Amino acid sequence: MAQDIDTSPRGILSRIFGFPDFRGLQQQAVDQVMAGQDCLVLMPTGGGKSVCYQVPALSRPGTGLVISPLIALMDDQVAALRQLGVNAGALHSEQEADDAMRVRSDLAAGRLDILYVSPERLLSPGMLERLSRLTLSVIAIDEAHCISAWGHEFRPEYRALASLPQHFPGVPRIALTATADPRTQSDILEALAMPDATVLKASFHRPNLDVAVSPKTSEMRQLVSILDRHKGEAGIVYCGSRNKTERIAKSLCDRGYVALAFHAGLSPVEKRAVLMRFRSGEAVVIVATIAFGMGIDRPDVRTVIHLDMPASPEGYYQQIGRAGRDGETAETVLLYGGDDIARARYWLEQSNAPEAQRRIMSGRLEAMIALAETTGCRTEALLACFGERLDQPCGHCDNCRNPAVTFDGTVAAQKVLSAIYRTGQRFGAVHVASVLRGKTSDMAGRHGHDRLSVFGIGKDRPEVFWRGVIRQLIARGAIRVSGEYNALSLDQARARPILRGEEVVSLREDATDDLRAAGGERR
Ligand code: ADP
Ligand code: ZN
């Protein structure tokens, strides 16, 4: 009877998984493993990475070993496979003893088709020896970017995976990740000691994601107006701190939304409760830090909103990628301001990270800032961070739909820089803008700012205009922000050429929310 069963990869794909065809690069990845070759698969979240190792694991003789850092995800995968009739099991630290016992005995008897294991368990005493007595069909290293010390999800245990070929000579290895920047890619190949691996990189373009970036003017109002376009749908709101997730979730609840905070400070029970509701299909808004991350795979998230700027384009891409996994249109909006930029730069300066690492983090941060300020196609700029080129602008980002209006902002920039200089480089953006507008206030009176030549030289433009100019000058590095009160000061080297009129400053006219709403009607 066994002879009648089609154990070719395609046979497994249709018989067990019920898919008529491989998708994208799956076929190539499977072919590599079937031929006993190593490979690295770079595919966006939702791209179908699991099939790349699950199919060869079942098609080749022996047990497939899958190394994954995410316990919750592991359990989900095992449960899904068991439903399909595959004898899968997991070994990790949060498991019932009798479950672990069943897995171990099936494993020893060669009955297990696929074993998921956390890196800690894999490296625990005796485990590698026990495994090396078995036949392994394939070794899959999931979330392989965790091996990169420069990445935002570095797991030191992953480093030890370099020794796998010594323990399991001849077993093909397949590393998988949704992080696509060239640096991480070369790190993975090097750290896993697989220089000859074939690299299979899918396009990271997600045409169903509408990407938009807006200056923060009134955070809560902007947030609510976006969420109002998604009534009865699921959404994720990312914040930069735990406190803020709680505060925003509460404000949303007060306004009648079903909103739940999620961050690393919650107890395991609280976390599980939030995840359960999120996964249940309920129309819920999760207000989270980046702790709400890997392994979040609800398909129908219709919006992802950032209330603070992510630290890198990689993080940003992963987070917005949690929207629209079902392929239907989803809206992503990043709200950011000059304070975000200043704060992120400040934390980097303060960090104890080694110099080389700080340089890379700083490069990523500056790439993120440039992405937020770009007047060109956002999708194009984002994909360029991953070494991918689009043939033409995406047509569905904010800048494609409402081409940015730029203007010669040299004089405006000079006015701002002068106002900062004349007021003593001790005041924040709000005060500087109000001096430019010529608004009398206690503060202006007390410091004699209402008698300065710069007082009121910006009366002709509204406050938001000046805030926009200040933000863009911060982004360009001409204005620095420091101290508890976010005091603005000049960066001599960058500000001087502007003040002397030696440098033309091209600025973008910030789109107002009304404009955006009008452009929000899709295609
Ligand atoms: P990733 O791990 O890359 O985020 P998954 O492996 O979870 O992606 O797959 C994402 C979705 O795509 C799953 O719902 C899966 O069932 C589906 N899928 C994967 N491969 C195929 C295929 N060849 N045909 C149809 N659907 C597929
Ligand atoms: Zn575009």
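The values are calculated or read from the model by the stated rules, or taken from the named source; none is laboratory data. Everything quoted here is computed from the prediction, not taken from an experiment. Methodologically, a virtual Cβ is constructed for each residue, glycine included, from the backbone with ideal geometry; neighbour enumeration extends over all protein chains shown.
Tabulated values for the structure
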quantity: Test: residue in region 346-354 that is touching a strand residue (DSSP E or B) at 6+ places or on another chain (Cβ under 8 Å) and not in a strand (DSSP E or B); calculated: yes
quantity: Subset of region 390-434 [away from ligand 2 (no atom under 16 Å from the Cβ), among the charged types (D, E, K, R) and outside any loop (DSSP other than H, G, I, E, B)]; calculated: 408, 415, 422
quantity: Only listed residue being acidic (Asp, Glu) and in contact with a strand residue (DSSP E or B) (Cβ under 6 Å, 6 or more places away or on another chain), chosen from 233, 219, 157, 190; calculated: 233
quantity: Close pairs from region 376-399: first within 9 Å of residue 211 (Cβ to Cβ), partner β-branched (Val, Ile, Thr) and near ligand 2 (Cβ under 6 Å from one of its atoms), Cβ under 7 Å, at least 6 apart; calculated: 394/379; 397/379
quantity: Selection count where residues are within 20 Å of residue 508 (Cβ to Cβ), touching a Lys or Arg at 6+ places or on another chain (Cβ under 9 Å) and either basic (Lys, Arg) or within 16 Å of ligand 1 (Cβ to nearest atom) (or both), scope region 380-422; calculated: 1
quantity: Residue list for region 455-464, filter: surrounded by fewer than 20 Cβ atoms within 10 Å (Cβ to Cβ) and over 30 Å from the mean Cα position of the chain (by Cα); calculated: 456, 457, 459, 460, 461, 462, 463
quantity: Residues satisfying the stated conditions in region 3-26, i.e. more than 10 Å from ligand 1 (Cβ to nearest atom) and more than 30 Å from residue 387 (Cα to Cα); calculated: 3, 4, 5, 6, 7, 8, 9, 10, 11, 12, 15, 16
quantity: Top-ranked residue in region 121-142 [being touching a Gly at 6+ places or on another chain (Cβ under 9 Å) and surrounded by 14 or more Cβ atoms within 10 Å (Cβ to Cβ); ranked as modelled with the lowest pLDDT]; calculated: 134
quantity: In region 144-159, residue farthest from the chain's Cα centre (by Cα) [restricted to those that are within 16 Å of ligand 1 (Cβ to nearest atom) and surrounded by 23 or more Cβ atoms within 10 Å (Cβ to Cβ)]; calculated: 144
quantity: Among the residues listed as 367, 353, the single one being more than 22 Å from residue 484 (Cβ to Cβ) and without any contact (Cβ under 8 Å) to a residue 12 or more places away in the chain; calculated: 353
quantity: Of residues in region 426-443 being surrounded by fewer than 20 Cβ atoms within 10 Å (Cβ to Cβ) and of a type in the set (A, V, I, L, M, F, W, C), the one farthest from the chain's Cα centre (by Cα); calculated: 443
quantity: Region 161-201: number of residues that are in a helix (DSSP H, G or I) and either at pLDDT 90 or above or over 24 Å from residue 120 (Cβ atoms) (or both); calculated: 16
quantity: Single match in 41, 86, 66, 33 (criterion: touching a residue at least 60 places away in the same chain (Cβ under 8 Å), within 17 Å of residue 131 (Cβ to Cβ) and among the hydrophobic types (A, V, I, L, M, F, W, C)); calculated: 66
quantity: Members of region 27-75 that are in a helix (DSSP H, G or I), within 11 Å of ligand 1 (Cβ to nearest atom) and more than 23 Å from residue 195 (Cα to Cα); calculated: 51, 54, 55, 73
quantity: Of the criteria (1) in a loop (DSSP other than H, G, I, E, B); (2) touching a residue at least 60 places away in the same chain (Cβ under 8 Å); (3) within 16 Å of ligand 1 (Cβ to nearest atom), which one residue 281 fails; calculated: (2)
quantity: Complete set of residues in region 208-234 that are within 16 Å of ligand 1 (Cβ to nearest atom) and either of a type in the set (Lys, Arg) or surrounded by fewer than 16 Cβ atoms within 10 Å (Cβ to Cβ) (or both); calculated: 208
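Yes/no matrix, rows are residues, columns are (1) in contact with a helix residue (DSSP H, G or I) (Cβ under 7 Å, 6 or more places away or on another chain); (2) of a type outside the set (A, V, I, L, M, F, W, C); (3) at pLDDT below 95:
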position	(1), (2), (3)
405	no, no, yes
413	yes, no, no
419	yes, no, no
423	yes, yes, no
430	no, no, yes
437	yes, yes, no
457	yes, no, no
477	yes, yes, yes
483	no, yes, yes
